[in-house]
Amino acid sequence: MQKQKKIAAINDISCIGKCSLTVALPLLSAAGFEVCPLPTALLSTHTGDFKGYTFMDLTAQLSPIANHWKSFGASFDAVYSGYLGSYKQLEFTESFIDDFGKNALTLVDPVMADHGRLYAGFDMNFVKGMKALCEKADVLVPNITEACFLTDTPYLGEIQNKKDIETLCEKLCAICGGTVVITGVSFDAEKMGAAVCFNGKTEYVFSDKLDIVYHGTGDVFASALLAALLRDFSSEDAARVAVDFVCECIKQTIKTSGRSHYGVNFELCIKKLLELLKIV
Ligand code: PXL
């Protein structure tokens, strides 16, 4: 009998917009894992494209929750960090990884930017702090923009070339020492996917490039990737699962409505995820 795996997920709750915990919880639960949330903030929507969103910072709750968990010896198979709303939360996440990450897979999604720009509320000081957190990752999952910010590289744009991506991979591997999976990699108008770098080697996983961009696909990608890694898929096979699943979610969203800032209709694709993960 295999024990059920348990994930600590440090991320926000955006009530509308399908990202962060409202993506990670259902996807990872559907894949059979227990997900224990450490909510970093409560927002009415995510911070992109919705005007006038509310934001309640939950930093003050994080250490008391972690201390309570420590008091009865809670342990995790994975620590998964996403949207962190402040510099203090970066420090909290580093110490949480020190306390709970020793026998766990640590996946850091350095959520802070997309399409060449930092998200609302982040500055270069936050980028510096995020770099320090990335050093603790076993698996680092930046999009192209985040990869550029983390390595002081000018934004490479929506279509890149192989040499630039490989330089980016080298620089990111020097930061985290583990596996780096860069999302949003595209060398032409037809294909889009991920670069997977480990031990100085870079592999690519591509799928169809769809002509529409949806919010929250980074969270869908990272959650599917983590599910596959916890099911002992290789990094490249796990990236294949994540790329194919995001592609399926986008296709489904095009068919079933959805404006881009409302995220993807991943709920309609759970069966596909379970097939990709070889659960059904
Ligand atoms: O999907 C990334 C994300 C997560 N959480 C919040 C965000 C964003 C991106 O804009 O605003 C609150």
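Bear in mind that the values in this text are calculations on the coordinates, not laboratory data. Computed from a predicted model, the values in this text were never measured in an experiment. Cβ placement follows ideal geometry from the backbone for every residue including glycine, while neighbour counts extend to all protein chains displayed.
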Measure of compaction for the chain (Cα Rg per 2.2 N^0.38 Å)
0.92
Rounded to one decimal in nm, the spacing of the 7 Å Cα→Cβ label points at K6 and I279 is 1.9 nm
HN-Hα J couplings of segment 136-144 from phi, Karplus 6.51/-1.76/1.60, θ = phi - 60°, integer Hz, Gly and Pro as x?
8, 7, 7, 9, 10, 10, x, 7, 4
Take the cross-link list K209/K251; K88/K131; K70/K136; K5/K102; K18/K128 and give me the ones stretching past 18 Å between alpha-carbons.
K70/K136; K18/K128
At a Förster distance of 30 Å, what's the computed FRET efficiency of E158 paired with D232, Cβ-Cβ distance as r, to 0.05?
0.35
In segment 111-179, GluC sites (Glu not before Pro) in a DSSP loop with at most 16 other beta-carbon atoms within 10 Å
E135, E158
Placing each pseudo-label 7 Å from Cα in the direction of the beta carbon, S95 and K271 end up separated by a distance in nanometres of 4.8 nm
When the Karplus curve 6.51 cos²θ - 1.76 cosθ + 1.60 is applied with θ = phi - 60°, which whole-Hz ³J(HN,Hα) does each residue of segment 101-117 get, with x for Gly and Pro?
x, 4, 10, 10, 7, 9, 10, 10, 9, x, 4, 6, 6, 6, 6, x, 10
If you average 1/r over all unlike Cα pairs in segment 69-162 and invert the result, what Kirkwood radius do you get in angstrom?
14.1 Å
Among all cysteines in the chain, which have no other cysteine Cβ under 4.7 Å from their own Cβ?
C15, C19, C36, C134, C148, C173, C176, C247, C249, C269
Mind giving me the nanometre distance, one decimal, between the label points for S63 and C36, set 7 Å out from Cα along Cα→Cβ?
1.9 nm
Using 0.36 nm times the number of residues separating D211 and S44, minus their current alpha carbon distance, what extension gain do you get?
57.3 nm
Can you give me the relative contact order of the chain as a percent, contacts being Cα pairs under 8 Å and 6 or more apart?
16 percent
Taking trypsin sites (Lys or Arg not before Pro) that fall in a DSSP loop and have at most 13 other Cβ atoms within 10 Å as cut points, what is the longest piece of the chain between them?
103-258
Length-normalised contact order for segment 81-217 - Cα pairs under 8 Å, 6+ apart - percent:
18 percent
What share of Cα pairs, in percent, lie more than 11 angstrom apart in segment 124-163?
68 percent
Quick one: which residues, 5+ away or cross-chain, put their amide H under 5 Å from the amide H of A113? H built at 1.01 Å from N.
Y119
Pop out the ³J(HN,Hα) list for segment 241-249 in order, Karplus 6.51 cos²θ - 1.76 cosθ + 1.60 with θ = phi - 60°, rounded to Hz; leave Gly and Pro as x.
4, 5, 4, 5, 5, 4, 4, 4, 4
Mean projection of the alpha-carbon convex hull of segment 167-258 over all orientations, in nm²?
6.2 nm²
Using a Förster distance of 35 angstrom, determine the FRET efficiency expected from the C-beta separation of N199 and T54, and round it to 0.05.
0.20
